[in-house]
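Quick notes on the structure that follows.
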Amino acid sequence: MDAAPTFLSFAASDAAPLSIRAKAAVFADQASRALLQQLERIAPSTMPVLVIGETGTGKELIARHIHQLSGRQGPFVAVNCGAISEQLAESELFGHEAGAFTGAVARREGWFEAAHHGTLFLDEIGDLPLALQVKLLRVLQEGEVVRVGARKPIPVDVRLLAATNVDLADAVAAGHFRLDLLYRLNIAQLRLPPLRERRGDILPLVDYFIGRYSQRLQQTPPHLSDGAAQALSDYGWPGNIRELENVVHFALLVASGGEIRAEHLKLAGAPTRAASPSGSHLQAPLAGGHAQTPLLAGGHVQAPPLAAVGQQLRTLFAAGQPGLFNELERLILNEAYRHSGYNQVRAAALLGISRNVLRTLLKRHGMLRDSEPAWRGDAVAA
């Protein structure tokens, strides 16, 4: 008999309701169990760990679990690098002395000192400014920090965990990330599969969220119909666990008669499970969440969208068009931004990059003014 799945969740005080991060994770699927075994082998060491995965897959939960299993006596400190002001990033990480800069009225320790004898988790590590990457590398090598405005180094004993939803190798090639820092961080790597690649986790998570929100709503947990269970299992979950949580919460609000049926599920696209010779999943979802291959008149198969794009690229290569990469980057940004209703968070999620990276690219191509506030268009629909 299979062992009961392992659940991870945030404490109530840590689970910000408007966060796009996953607030629960489960290890029921075979892929998840393999990840848990790898995690348990890595956790007791002191080596840095790089956690790779899409937004909403539970990277911070994985980091917290590593800390809990590590035996370290200090605190777990989580920092979102994408949310730190570039002007204050050095002070945030390494601290500052009184009078070090305008507004520094008192001495303050940074996140490294706060995590002494514990674990520091740097989420969205790819958003860290290049100048700060150099200083982070020195801290990792020397085991000491220097506060802004100070000269005396302060020893720190910190186990560093980092996470990203972008390909850091691509970031290195683009000049946005230091190769030596990547080597230093990537000693141990954990890839957290998206929910569509660990179907066995879906229904246990659904049961967990039904129980959690039923308790909040002070109602008896409803039954999940077979049709609803099938729809949930077949859906592609582009928003991963966070999207699943929202879908379950909404279903509980609209369901009646003590049962959640398929029509109660607010799913953004069509199912993405596809038959394969092995009898298992999955065909990657295409734009809009659809996995089917469109047909032309007469029943001829139309080339999938990416293949069609590749064909057009080969035509452009043959034409020798100058500045092609810049034009393509601008085109992709413009189309994603318009498709998302000029919402920066949605556009960034659509492209699989952070909002900070999106803003940098938009400014580079003149699509965003420097004076435009960072929060413009960032309201996220549940």
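Amide H contacts of Arg191: Ile52, each under 5 Å away and 5 or more positions distant or on a separate chain (H built 1.01 Å from N in the peptide plane; Pro and chain starts excluded). 3J(HN,Hα) along region 342-355: 6, 9, 5, 5, 5, 5, 5, 5, 4, 8, x, 10, 7, 4 Hz, from the Karplus curve 6.51 cos²θ - 1.76 cosθ + 1.60 with θ = phi - 60°, whole Hz, x for Gly and Pro. Taking Phe317, Phe250 and ordering them by how much accessible surface each has at a 1.4 Å probe, largest first, produces Phe317, Phe250. Here's how it looks for Ala78: its modeled amide H is under 5 Å from those of Phe121, which are all 5 or more places away or on a different chain.
With every protein chain kept in the model, how would you rank Thr220, Thr55 by accessible area, 1.4 Å probe, largest at the top?
Thr220, Thr55
Treating each Cα of region 196-239 as an identical point scatterer and summing with the Debye formula, the log10 of I(q)/I(0) at q = 0.16, 0.27, 0.30, 0.31 Å⁻¹ comes to -0.46, -0.99, -1.08, -1.11.
For region 140-152, the Karplus equation 6.51 cos²θ - 1.76 cosθ + 1.60, evaluated at θ = phi - 60°, returns couplings of 5, 7, 9, x, 8, 10, 10, 5, 4, x, 10, 10, 7 Hz by residue, with Gly and Pro reported as x. With Cβ to Cβ distances under 11 Å as the rule, what net charge do the other residues near Arg191 carry (K, R +1; D, E -1)? Counting the neighbours of Arg191, the net charge comes to -1.
The residues neighbouring Ala228, those whose beta-carbon lies less than 13 Å from its own, together hold a net charge of -3 under the Lys/Arg +1, Asp/Glu -1 convention. Using θ = phi - 60° in the Karplus curve 6.51 cos²θ - 1.76 cosθ + 1.60, the 3J(HN,Hα) couplings for region 225-230 round to 5, 4, x, 5, 4, 5 Hz; x is entered for Gly and Pro.
Plugging the Kirkwood radius over Cα pairs into Stokes-Einstein for region 128-245, at a temperature of 4 °C and a viscosity of 1.567 mPa s, what D comes out in µm²/s?
70 µm²/s
Within straight-line reach of Lys59, meaning a Cα separation under 30 Å, sit the following lysines at least 8 residues removed in sequence or on another chain: Lys23, Lys135, Lys266, Lys363.
Under 5 Å from the amide H of Glu144 lie the amide H atoms of Val156, each residue being 5 or more positions distant or on a separate chain, with H modelled from the backbone and absent for Pro and chain starts.
Counting heavy atoms of the protein chains alone, Met367 has an accessible area of about 40 Å² for a 1.4 Å probe.
The values are calculated or read from the model by the stated rules, or taken from the named source; none is laboratory data. Treat the numbers as computed from the prediction; the structure is a model and nothing was measured. All Cβ positions, even for glycine, are placed from backbone atoms using ideal geometry, and neighbour counts span all protein chains on display. Note: areas computed on protein heavy atoms with side chains; ligands, DNA, RNA excluded. Shrake-Rupley method; radii C 1.70, N 1.55, O 1.52, S 1.80 Å.
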